[in-house]
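Encoded as structure tokens, the structure appears first; notes follow it.
Computed from the coordinates by the stated procedures, all read-outs in this text should not be read as laboratory data. None of the values given here were measured: they were computed from a predicted structure. Neighbour counts run over all protein chains shown; Cβ positions are idealised from the backbone, glycine included.
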Amino acid sequence: RQLGSESRPLTGRHVLITAGPTHEPIDPVRYIANRSSGKQGYAIAAAAARAGAKVTLVSGPVNLPTPAGVTRIDVETARQMAAAVDAALPADVAIMVAAVADWRSAGEAAQKIKKDGSGQVPPLQLVENPDILAAMCKSDRRPPLVVGFAAETNDVLDHARAKLARKGADWIVANDVATHQMGGEINALHIVSASGVESLPELPKDAAAALLIERIADALA
Ligand code: CTP
Ligand code: CA
């Protein structure tokens, strides 16, 4: 028997999720990346699928299996992620969990950069990547509910409130990566919105994901 609509509250909804890091090439053998494992985003995608949603997961390079019932689109760079997100719209809710690289190399070298023997280091110029979340919030195809994530090492709630305003998201889900290291199994999430802060208890990432999906289903209902 199918589960009832009470336990599958996202039936008929399209949930768009970004997860993982991005890799920004320096040359054919080197890249800029970060410590995101993708685990929290993948757990949220799995929970959304269990709740009955059609789930599109735009994923940076991670070492994780695709959750059951989830359509996964693999990308490497922030610019590829931006294009894949755009192509996946419209959605009822976007949950932007990816740790998008803030900067990329200004000019990807076509060949491997070599040491020239002089001890001189190559000049690595960086340029800012597009802000996928902020652009989505401004677009005319903005989903009715847009949820951003923020990994912070200090002043977690203040930074989250500032991001909420700056990016135009409905919620920012903040986590303290000083106390709960990136790549770990446990998170303590703070859901920050215009109406205040709900701090979830310290939980395994799949339980945190299930609670967040409950909150999202309530907000869409
Ligand atoms: N984000 C994004 N595109 C970017 C950077 C961030 O979509 N180029 C999204 C992330 O997926 C996350 C939210 O924006 O949902 C906040 O990301 P974060 O890195 O915390 O914010 P930044 O504005 O990049 O600020 P910071 O200087 O703290 O890195
Ligand atoms: Ca950032």
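Tabulated results
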{"quantity": "Estimated FRET transfer efficiency when R0 is 25 angstrom, pair Asp102-Asn63 (beta carbons, to 0.05)", "calculated": "0.65"}
{"quantity": "The chain: relative contact order as a whole-number percent, Cα under 8 Å and 6+ apart", "calculated": "20"}
{"quantity": "Table column - 3J(HN,Hα) (Hz), region 197-203, Karplus curve with 6.51, -1.76, 1.60, x for Gly and Pro", "calculated": "10, 10, 9, 7, x, 5, 9"}
{"quantity": "Beta bridge orientation in the chain: antiparallel %, DSSP, nearest 5", "calculated": "40"}
{"quantity": "Eligible lysines near Lys39 by straight Cα distance, threshold 27 Å, same-chain separation 8 or greater", "calculated": "Lys54, Lys163, Lys167, Lys205"}
{"quantity": "Phi-based couplings in Hz for region 32-48 (Karplus 6.51, -1.76, 1.60; Gly and Pro marked x)", "calculated": "9, 8, 8, 8, 4, 8, x, 4, 5, x, 5, 5, 5, 4, 4, 5, 5"}
{"quantity": "Equivalent ellipsoid dimensions for region 61-201 as semi-axes, Å, which come from the Cα gyration tensor, largest first", "calculated": "30, 20, 17"}
{"quantity": "Three-way shape call for region 61-130 based on the alpha-carbon gyration tensor, with the a/c threshold at 1.5", "calculated": "prolate"}
{"quantity": "Length gained when the stretch Ala33-Ala188 is fully extended (0.36 nm per residue, less Cα-Cα span)", "calculated": "53.4 nm"}
{"quantity": "R0 of 41 Å, Cβ-Cβ distance Ser195-Val121: FRET efficiency to nearest 0.05", "calculated": "0.25"}
{"quantity": "Theoretical FRET efficiency, 1/(1+(r/R0)^6), r = Cβ-Cβ of Gln111 and Ala134, R0 30 Å, to 0.05", "calculated": "0.30"}
{"quantity": "Distance from region 152-178 to region 1-64 (C-alpha centre basis), Å", "calculated": "20"}
{"quantity": "Counting DSSP beta bridges with both ends in region 4-117, the antiparallel % (nearest 5)", "calculated": "15"}
